[in-house]
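The values are calculated or read from the model by the stated rules, or taken from the named source; none is laboratory data. What you see is a predicted model; the values in this text were computed from it and never measured. All Cβ positions, even for glycine, are placed from backbone atoms using ideal geometry, and neighbour counts span all protein chains on display.
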Amino acid sequence: MSDPVQIRIKENGSIRVKGTVEIIDGEGNVIETKSDFSLCRCGLSTEKPFCDGSHKDVFKAPEGLGEI
Ligand code: FES
(Lines give C-alpha, C1' and ligand atoms only; values in the text may rest on other atoms or scores of the structure.)
Protein backbone atom coordinates (compact mmCIF):
# COMPACT_ATOMS: atom_id res chain seq x y z
CA MET A 1 0.00 0.00 0.00
CA SER A 2 1.38 3.41 -0.95
CA ASP A 3 1.65 6.36 1.39
CA PRO A 4 -1.29 8.77 1.37
CA VAL A 5 -0.96 11.96 -0.63
CA GLN A 6 0.09 14.85 1.59
CA ILE A 7 -1.28 18.34 0.91
CA ARG A 8 0.18 21.10 3.01
CA ILE A 9 -0.91 24.73 3.02
CA LYS A 10 2.18 26.87 3.41
CA GLU A 11 1.92 30.02 5.50
CA ASN A 12 1.22 32.90 3.11
CA GLY A 13 2.35 30.72 0.25
CA SER A 14 1.59 27.79 -1.97
CA ILE A 15 -0.15 24.47 -1.50
CA ARG A 16 2.50 21.75 -1.38
CA VAL A 17 1.51 18.36 -2.77
CA LYS A 18 3.56 15.24 -2.09
CA GLY A 19 2.41 12.05 -3.74
CA THR A 20 1.02 10.91 -7.05
CA VAL A 21 -2.10 12.80 -8.09
CA GLU A 22 -3.86 13.64 -11.33
CA ILE A 23 -4.72 17.27 -12.09
CA ILE A 24 -7.36 17.87 -14.75
CA ASP A 25 -8.00 21.33 -16.19
CA GLY A 26 -11.37 22.85 -17.01
CA GLU A 27 -11.37 21.26 -20.46
CA GLY A 28 -10.65 17.76 -19.20
CA ASN A 29 -6.95 17.75 -20.08
CA VAL A 30 -4.58 16.02 -17.68
CA ILE A 31 -1.79 18.30 -16.50
CA GLU A 32 1.49 16.47 -16.05
CA THR A 33 2.91 16.63 -12.54
CA LYS A 34 5.81 15.30 -10.55
CA SER A 35 5.31 13.54 -7.21
CA ASP A 36 6.32 16.68 -5.28
CA PHE A 37 5.12 20.09 -6.42
CA SER A 38 3.44 23.30 -5.30
CA LEU A 39 0.16 24.77 -6.47
CA CYS A 40 -0.40 28.53 -6.60
CA ARG A 41 -3.07 29.92 -4.32
CA CYS A 42 -2.24 33.62 -4.64
CA GLY A 43 -3.16 33.99 -8.32
CA LEU A 44 0.13 35.66 -9.26
CA SER A 45 2.03 32.73 -10.79
CA THR A 46 2.77 32.83 -14.50
CA GLU A 47 2.92 29.03 -14.43
CA LYS A 48 -0.56 28.30 -13.04
CA PRO A 49 -1.67 26.02 -11.62
CA PHE A 50 1.86 25.72 -10.25
CA CYS A 51 3.61 28.14 -7.91
CA ASP A 52 6.52 30.05 -9.44
CA GLY A 53 7.48 31.91 -6.27
CA SER A 54 5.69 35.14 -7.22
CA HIS A 55 3.79 35.09 -3.93
CA LYS A 56 6.84 35.99 -1.87
CA ASP A 57 6.55 39.31 -0.05
CA VAL A 58 3.13 40.14 -1.51
CA PHE A 59 0.68 37.37 -0.62
CA LYS A 60 -0.99 37.40 2.77
CA ALA A 61 -3.52 34.63 3.27
CA PRO A 62 -6.78 35.52 4.99
CA GLU A 63 -6.55 34.93 8.71
CA GLY A 64 -7.23 31.32 9.58
CA LEU A 65 -6.14 30.09 6.15
CA GLY A 66 -2.41 30.36 6.69
CA GLU A 67 -0.47 27.27 7.53
CA ILE A 68 -2.37 24.32 8.91
S1 FES B 1 1.37 30.74 -4.30
FE2 FES B 1 3.32 30.89 -5.15
S3 FES B 1 3.06 32.08 -6.92
FE4 FES B 1 1.07 31.91 -6.08
May I ask you to verify whether VAL17 is aliphatic (A, V, I, L, M), in contact with an Asp or Glu (Cβ under 8 Å, 6 or more places away or on another chain) and at pLDDT 95 or above? yes
I'd like to know if the stretch 61-68 contains one or more residues that are assigned to a loop (DSSP other than H, G, I, E, B) and surrounded by 13 or more Cβ atoms within 10 Å (Cβ to Cβ). yes
Of the residues in the stretch 1-57, how many are touching a Gly at 6+ places or on another chain (Cβ under 6 Å), acidic (Asp, Glu) and either without any contact (Cβ under 8 Å) to a residue 12 or more places away in the chain or surrounded by 13 or more Cβ atoms within 10 Å (Cβ to Cβ) (or both)? 0
May I ask you to verify whether VAL58 is among the β-branched types (Val, Ile, Thr), assigned to a loop (DSSP other than H, G, I, E, B) and either touching a His at 6+ places or on another chain (Cβ under 9 Å) or within 11 Å of the ligand (Cβ to nearest atom) (or both)? yes
Identify all residues within the stretch 6-49 that are part of a loop (DSSP other than H, G, I, E, B) and hydroxyl-bearing (Ser, Thr, Tyr); write none if there are none. SER14, THR20, THR33, SER35, SER45, THR46
Just give me the residues in the stretch 49-68 being at pLDDT 95 or above and of a type in the set (D, E, K, R), in sequence order. ASP52
